[in-house]
Amino acid sequence: LVRTFSGHMRVVNYVALLDSDRFLSASKTIKSWKISTGECLRTFHGHEFEVCAIAVVDENRFLSGSVDKTVKLWCATTGRCIRTFLGHREPVFCVTALDEERMISGGADNTVKLWNISSGNCIRTYSGHTDEVWAVASMGGGRFLSTGMDETIKMWDTTSGDCLRTFEGHKDTVYSLASIDNERFVSGSRDNSLMLWDTSDSKPQRTFLGHSDWIRSVARMSQDSCITGGEDKSIKQWDLNTGECKGTFRGHPNCVYCVTAVDEKRFLSGSFDRTIKLWDISKNEFKTE
């Protein structure tokens, strides 16, 4: 454990890397932090309720999705809210930027929406999930993924709006997605499992077991590894090629809601304990199970 970042008054729902030395965290407010010093650089106020997700557009702009049913675009430097996107009828649980001009958001209204970042217009609504959408991820090649409470993962053609494939394997809510490359991705679920998928096959390539409770978050570390954070208060690193757990990191006294990689050696975790922690895998401070 390298450093603990304290300052949020509520649960930390999401962490996102802004650049090599700055990251963002989401709670009731959004905060930006300097990784090397631990300093809180700025607090962003504007959402009425809890912020569930953050997506970085470029090193100066980012998006946030909230329980207040809106997505907001922010200037990371000035702290100003540039634009508010209205259209979801229920809380927004996930958001990701496809490029500097387009983003997607998903939420409790069972839909995913595609937006023009500059105009604020909703370009398209993707309907097909039968329950709340909890995670979205860009897959490149004009495709993206969405998942949630209906236990399925769907891959969509961004332009046509067609659902290209439905991936089935999880037995409970899927909370998190991360693309590994253009054809492979991982998913973490309330069924305590992590699954590795290939876009060409609707069944999982591999299932990773080791968490004793729900997996809340998953993040890519490299082509060959990913990390997961869960309700069992631990973070685990996984070898995608062998399926083995390479290490378990403990330090949060409560459940780990979010994880994100800083580089191939370091990662951040956010927790119900209201803190964010920075970890270094190369320091071998974990135990292998």
Original post:
Can you pull out the GluC sites (Glu not before Pro) in segment 66-164 that DSSP calls coil and that have at most 14 other Cβ atoms within 10 Å?
Top reply: Glu100, Glu101
**OP:** Under a cut-off of 18 Å between alpha-carbon atoms, report the aspartates and glutamates in cross-link reach of Lys34, not counting same-chain residues fewer than 8 places apart.
**Re:** Asp19, Asp21, Asp58, Glu59, Asp263, Asp280
Original post:
Which distance in nm do the two modelled labels at Ser36 and Arg80 give, with both placed 7 Å along the Cα-to-Cβ direction?
Top reply: 2.8 nm
Subject >> Förster-model FRET efficiency, 25 Å R0, Thr207 and Asn254, C-beta, rounded to 0.05 >> reply: 0.45
**OP:** Using only the Cα atoms of segment 195-289, build the gyration tensor, take square roots of its eigenvalues as a ≥ b ≥ c, and label the shape rounded, prolate or oblate: rounded if a/c is under 1.5, else prolate if a/b is larger than b/c, else oblate.
**Re:** prolate
Subject >> Links that overshoot a 22 Å alpha carbon limit, given the list Lys28/Lys277; Lys233/Lys277; Lys31/Lys72; Lys69/Lys236 >> reply: Lys69/Lys236
Original post:
With the other protein chains left in place, how much accessible area per residue, in square angstrom, belongs to the chain at a 1.4 angstrom probe?
Top reply: 40 Å²
Original post:
Per the Debye formula with a single identical scatterer at each Cα and no solvent contribution, what log10 I(q)/I(0) holds for segment 16-59 at q = 0.17 Å⁻¹?
Top reply: -0.45
Subject >> Dipole axis of the chain (+1 Lys, Arg; -1 Asp, Glu on Cβ), positive-most option in His88, Ile235, Phe44 >> reply: Phe44
Original post:
So which trypsin sites (Lys or Arg not before Pro) in segment 1-79 are both in a DSSP loop and have at most 13 other Cβ atoms within 10 Å of their Cβ?
Top reply: Arg10
Subject >> Extreme residue, positive dipole direction of the chain, given options Ile281, Trp115, Ile30 (C-beta unit charges) >> reply: Ile30
**OP:** Run the accessible area of segment 141-188 with a 1.4 Å probe and give the carbon-and-sulfur part as a rounded percent.
**Re:** 40 percent
Original post:
What is the Cα convex hull volume of segment 165-208 when expressed per residue in Å³?
Top reply: 62 Å³
**OP:** Quick one: among Arg274, Arg89, Arg220, which has the greatest mean-square fluctuation in a GNM of the chain with alpha-carbon springs under 10 angstrom?
**Re:** Arg89
Subject >> Glu264/Arg165 FRET efficiency (R0 41 Å; Cβ-Cβ; nearest 0.05) >> reply: 0.90
Subject >> Heavy-atom SASA rank of Tyr257, Tyr126, Tyr14, Tyr175 (probe 1.4 Å, accessible area, largest first) >> reply: Tyr14, Tyr257, Tyr175, Tyr126
Original post:
Could you give the semi-axes, largest first, of the ellipsoid that matches segment 56-175, computed as the square roots of 5 times the alpha carbon gyration tensor eigenvalues and rounded to whole Å?
Top reply: 24, 15, 12
Original post:
Short version: ³J(HN,Hα) in whole Hz for each residue of segment 116-122, in order, from phi by Karplus 6.51 cos²θ - 1.76 cosθ + 1.60 (θ = phi - 60°), x for Gly and Pro, what are they?
Top reply: 8, 5, 6, 8, x, 7, 7
Original post:
Which entry in [x] 64, 58, 37; [y] 60, 54, 38; [z] 48, 44, 27 matches Cα extents along the principal axes in Å derived from the coordinates of this structure?
Top reply: [z]
Original post:
Assigning unit charges at the beta carbon (Lys, Arg +1; Asp, Glu -1) and nothing else, what dipole magnitude in debye, to the nearest 20, does the chain show about its Cα centre?
Top reply: 840 debye
Subject >> Accessible heavy-atom area order of Ser212, Ser27, highest first, probe of 1.4 Å >> reply: Ser212, Ser27
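The values are calculated or read from the model by the stated rules, or taken from the named source; none is laboratory data. A quick note: this is a predicted structure, and the numbers were derived from the prediction, not measured. Ideal geometry is used to build each Cβ from the backbone, glycine not excepted, and the neighbour counts take in all protein chains shown. The protein model used for the area step is the full one, side chains on, heavy atoms only, and it has no ligands, DNA or RNA in it. Shrake-Rupley method; radii C 1.70, N 1.55, O 1.52, S 1.80 Å.
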